[in-house]
Amino acid sequence: MHIHKFTRIIAAPFLFAFGYVFYQASLPLSNHKISVWLFPLGMVLMLCYVFHNQINLWWLRRHPVPLDERDREVLRTHSSYYNQLSEDDQLQFENRIFMMLQTIDVYGMGKEKEEIPYDVQMIIIAIGAEIAAQSDNPLLEHFDKVIVYKHPFPTPNIKQLHTVETNGEDGVLLMAMDHLSAAVNDPQSYYHVGYHAWAEAYLYEHPTVDYPSEITWPMIVEISGFSEQSIKGALGLEYFDTLPIGIYLYFVFGESMQSKYPELFHQFETIFGRYGERY
């Protein structure tokens, strides 16, 4: 049997003890001194809640839970990176995806919070695991929420309709499902908002890395075949840093980047690992 949520195992006896002490202390003829145990028991439960992600990750790193065959088939279908890995590296990649799925809440947002199919969650999380594969923080632990809207959306930070946003302070990624689905099914024809969002997350968590200093629109157009206006239209944004686009191009259009701009490719390769062999 595999344990997914180790904090539940830790918290269970303390929760039982808390309930027992509370019941005993509330009896009319009880010795109310027993109630002093409510505070330390409550503190343990609160710590389990506050640090549940860290505790669960500590456990899962030592006791990884394998993906089932259905989940592996999702990766084989939608992750060219996964298919290029050796069998051992595929297992390591699977373990990281499982850990991220346990600590990152992926859900849809309409009029209210909505459940996202598990295979879609896996596809979204796999992109983050791919980008951060060589990172000193391969799970991008600062980000614990991915919110998926059905269509382009406004937010308090960006009033106009847009398809991707990264909020580092709150640890949240936002993306539009219609644009995400199109790029997942045909990444060479549609700009991939999933890679863009995770690229921004990586930049937020690794601000001191020596990134390429110049990624111009003519370079972007030549590597991808996408026009400047088509990318801006896909993102719904007019002004933004081109570095996340460069990271996206490295992962999706790596061969084109290597042939047309080998120095830029080498700079990204130094950061993210050898193209196609990043473990």
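Taken about its Cα centre, the chain carries a charge dipole of about 1200 debye when Lys and Arg each add +1 at the Cβ and Asp and Glu each add -1 at the Cβ.
Pairs to check: Lys5/Lys145; Lys159/Lys260; Lys150/Lys260; Lys5/Lys33. Give those whose C-alpha atoms are more than 29 Å from each other in this structure. Please list the in-between numbers first.
Details: Lys5/Lys145 18 Å; Lys159/Lys260 37 Å; Lys150/Lys260 36 Å; Lys5/Lys33 34 Å.
As for pairs spanning more than 29 Å Cα to Cα, those are Lys159/Lys260; Lys150/Lys260; Lys5/Lys33.
In this structure, the amide hydrogen of Val106, modeled 1.01 Å from its nitrogen in the peptide plane, lies closer than 5 angstrom to those of Val146, counting only residues at least 5 positions away or on a different chain.
Think of the chain as having a plus end and a minus end, set by charges on the Cβ of Lys, Arg, Asp and Glu; of Val65, Ile97, Leu47, Leu47 sits farthest toward the positive end of this dipole. Of Val106, Val193, the sequence from fewest to most neighbouring Cβ atoms within 10 angstrom is Val106, Val193.
Got the relative contact order for the stretch 162-243 handy, in percent, Cα pairs under 8 Å and 6 or more residues apart?
Working: 72 pairs, mean separation 25.0, N = 82.
Contact order relative to length: 31 percent.
Legend: helices of the chain (whole DSSP H runs) are marked when their alpha-carbon atoms reach 30 angstrom or more along the helix axis and their mean Kyte-Doolittle hydropathy is at least 0.5; marked are 6-26. Computed from the C-beta positions of Ser135 and Tyr239, the FRET efficiency with R₀ = 45 Å rounds to 0.95. Distance between the pseudo-spin-label points of Lys145 and Trp217 (7 Å out from Cα toward the beta carbon): 3.4 nm.
Over the Cα atoms of the stretch 6-61, compute the convex hull volume and normalise it per residue, giving Å³. Display every interim value, and only then the final one.
Numbers: hull volume 3.0 nm³, N = 56.
Spelled out: Cα convex hull of the stretch 6-61, divided by residues, is 53 Å³.
Between the labelled values [x] 20.8; [y] 23.4; [z] 19.9, the entry that holds Kirkwood radius over Cα pairs in Å as derived from this structure is [x]. Stretched out straight at 0.36 nm per residue, the stretch from Ser189 to Ser259 would grow longer than its current Cα-Cα span by 23.3 nm. Across the stretch 55-117, the fraction of Cα-Cα pairs farther apart than 20 Å, rounded to a whole number, is 38%.
Of the residues Trp37, Trp58, the one with the fewest other Cβ atoms within 10 Å heads the list, and the complete ranking is Trp58, Trp37.
Ranking of Arg96, Arg62, Arg72 by neighbouring Cβ atoms within 10 Å, starting from the fewest: Arg62, Arg72, Arg96.
Multiply the residue separation of Glu169 and Leu47 by 0.36 nm, subtract the distance between their alpha-carbon atoms, and state the gained length in nm to one decimal.
Details: separation 122, 0.36 × 122 = 43.92 nm, distance 2.20 nm.
Full extension from Glu169 to Leu47 adds 41.7 nm.
Rounded to the nearest 0.05, what FRET efficiency do Leu15 and Gln92 have when you use their Cβ-Cβ distance and R0 = 41 Å? Approximately 0.75, to the nearest 0.05. As a length-normalised measure over Cα pairs under 8 Å and 6 or more apart, the relative contact order of the chain settles at 14 percent. The distance separating the Cα centre of the stretch 137-179 from that of the stretch 218-256 comes to 18 Å.
May I ask you to compute the full-extension gain from Lys33 to Trp58, defined as 0.36 nm times their residue separation minus their alpha-carbon distance, rounded to one decimal in nm?
On the way: separation 25, 0.36 × 25 = 9.00 nm, distance 3.64 nm.
Taking Lys33 through Trp58 to full extension adds about 5.4 nm, to one decimal.
A short reminder: the numbers here are calculations on the coordinates, not readings from a lab. Not measured: the values here are computed from a predicted model. Heads up, the Cβs are rebuilt from the backbone with ideal geometry, glycines too, and the neighbour counts pull from every protein chain shown.
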